[in-house]
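Have a look at the structure below, then the notes.
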Amino acid sequence: MRVRVPVVQQGRAPGRRSLAARLVWNAAEVAVTLGVVLLLLVAHQLWWTNRQARAAAERKVEALEEEWGRSGGEGSGGDRARAGGPSEGLPGEGDLPGEGDSSGGRGPARDAGVAAGGAPQAARPTPPRWDQAYAVLRIPRIDVRVPVAEGVSKGGVLDKGYVGHYPRTAQPGQGGNFALAGHRNTHGEPFRHIDRLRNGDELRVETKEAVYTYVVDKALARTSAHDGGVIRDVPRSDVRRGYGYSAPGYYITLTTCTPEYTSKYRLVVWGKLRAMRPRQPGGGD
């Protein structure tokens, strides 16, 4: 007589299989959700902050022009104006020294007109308050029109899409170095394309008292974020020997982060004052 041996089939229980499937599904949902959140954060940083900051900066420029009694935009006014102890580091996306310093300018404006070709001296400006927007920087080559505010704080100045003036550096038209910082990416990114500037390009700074025309003269493609020499009265790199100046003058310095989307190094553009035109009574150029 034959005896049948029962065969037992081994396999996963239905409960275990469904549990594993649920875990995989849940993990996939979490991954997709995180991906969407990251995409939204990137969109916010790269698109929305730029849109908000640019709009706010444009409104501030218009408010300053209205305050100064201007009737039109830069299209004609800027062309009519055309004429023949610093911080230890440079600010970046997450490295902004000197935010608590409320120091304004460096005393009375010197005779910028005489240094730039005999034009009369503008009225002595009132030192700006901390975070106050008090000037407009125009860079025709890269289509920039942006307010200049006192200080280089993120919340009070740079993240608004403004350009910040380093405390304890010269004010527009003064002897020394009128040193500025601006974001290269996000929050309006006014200095994103300053690497495209070439010698001879104009940098026009307009205040309530006068319009100052600087011209690009030198550039430093990359230096340390702590190279304070580039914003001294006589700007000269402490890191990249041979870059900068050796004699006093009337300088402007633009600083921003490099490479793009990082804050590891700084890009520097220098210029010299070429002309100054005082504003006429009533706000006209």
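Which of the following residues is closer than 28 Å to ALA63 by Cα and in contact with a helix residue (DSSP H, G or I) (Cβ under 9 Å, 6 or more places away or on another chain): GLY188, GLY244, GLY249?
GLY188
Quick test for you: out of GLY164, GLY173, GLY188, pick the one residue that is of a type outside the set (A, V, I, L, M), touching a strand residue (DSSP E or B) at 6+ places or on another chain (Cβ under 8 Å), outside any loop (DSSP other than H, G, I, E, B) and surrounded by 18 or more Cβ atoms within 10 Å (Cβ to Cβ).
Sole residue among the options that is of a type outside the set (A, V, I, L, M), touching a strand residue (DSSP E or B) at 6+ places or on another chain (Cβ under 8 Å), outside any loop (DSSP other than H, G, I, E, B) and surrounded by 18 or more Cβ atoms within 10 Å (Cβ to Cβ): GLY164.
Out of the residues in region 200-212 that are part of a strand (DSSP E or B) and closer than 16 Å to PRO147 by Cα, state the one that is farthest from the chain's Cα centre (by Cα).
ALA210
Since every read-out is calculated from the coordinates, none of them should be taken as a lab result. In this text the structure is predicted, and so the values were computed from the model without any measurement. Using ideal geometry, Cβ is built from the backbone for each residue, glycine included, and neighbour counts are taken over all protein chains shown.
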